[in-house]
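FYI, it's all coordinate maths here, none of it is from the lab. This structure is a prediction, so every number in the text was calculated from the model and none was measured. A quick note on method: Cβ atoms are made from the backbone with ideal geometry, for glycine too, and the neighbour counts reach across all protein chains shown.
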Amino acid sequence: MHKLTENILDKISIDFLRNQVLKNAYGNDDTVIAGLDPRILLVWYLFFGLVPWFMNDLVLLLCFFLFVVMTTRAARIAPLVLVLFCVGVFTQTGYLFIAALFFGGNTGTIVPLLVMTLKVAVVSLASITVFSGLDPDRLASGLLWYGCPGQLSFSISFAYRILPVLMEEFQNILLSYRMRGNPPDKSTFFGKIRYLGYQIKLIIQSFYPLMLNTAKRSRTTVEALELRGYRYSLQNPAVKRMKLAMLKVTRNDVIFVCVSAVWVAVSFILSAGLSNVI
């Protein structure tokens, strides 16, 4: 039991969390999803991110869910992200089911809750698939091609790029607090609980210095960009054409669109057929 506890604590360390987040944001460049054109992925995401909210057919949502599960598998999502997804979606459904039973509901509430869970799951997995397969430059280029303002597209790209810096800064601040602190003894069961509370307290205290240091870094970055003509480049059509020259629809993009369209069409046909039978 003691070894199991140590293994769990090792798995949820700050280094492990940082590696999982960075892997999901930057470590999927060699996947099938990452090789697709960002314009295709954004349109695909608009469909699977919006259409499920307007559907209440259980069979149709289940077919969509199976498809986004396959795309998530192809994107090689980090295990930590998938664990958080499962815990967040399915525990919320279980909580609502227990609350419904407590306030006079019955087993008939399972189907509506399952429909809601599938909606959230489809949209969430579609978001994870797309944004884990797009690096900052490709995501910004795709948004810029669709007419998104240059400052907004750059802000999204900059948020991706500053993520490793934030993780490193957070770890340094947390380590400084640990060096100056006096952690409680964790040899006993209640000592481990107090130690866990101590760690949570340090994490909360680290957020204010993190935000302050981030503000300082952001100001320095903005000044450097302005000195290099960043604002002029956003308004120059030649620079925009040069930046978007990397976008190209390939055979894999066509295959991905065709497979998605066929799957959606078969899902509608299957849903209509089962509705007529029932």
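Summary table below
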quantity: Inter-part distance where the range 195-247 and the range 106-170 are each reduced to a Cα centre, Å; calculated: 18
quantity: Proxy reagent accessibility, fewest Cβ within 10 Å first, across MET242, MET179; calculated: MET179, MET242
quantity: Extension gain, LEU270 back to ARG217 (0.36 nm per residue minus Cα-Cα distance, nm); calculated: 13.7 nm
quantity: Calculated from backbone phi, Karplus (6.51, -1.76, 1.60) coupling profile of the range 43-55 in Hz, x at Gly/Pro; calculated: 5, 4, 5, 4, 5, 6, x, 10, 4, x, 5, 9, 10
quantity: Peptide ranges 51-58, 32-39, 124-131 listed from the most packed, as the mean C-beta count within 10 angstrom indicates; calculated: 124-131, 32-39, 51-58
quantity: Rg followed by Dmax, in Å, when the range 135-235 is reduced to its Cα trace; calculated: 19.8, 63
quantity: Residue-wise HN-Hα coupling along the range 188-196, computed from phi with Karplus coefficients 6.51, -1.76, 1.60 (Hz; x: Gly, Pro); calculated: 10, 5, 5, x, 5, 5, 5, 5, 5
quantity: Sequence of ILE269, ILE77, ILE203 once ranked by neighbouring C-beta atoms within 10 Å, starting from the fewest; calculated: ILE269, ILE203, ILE77
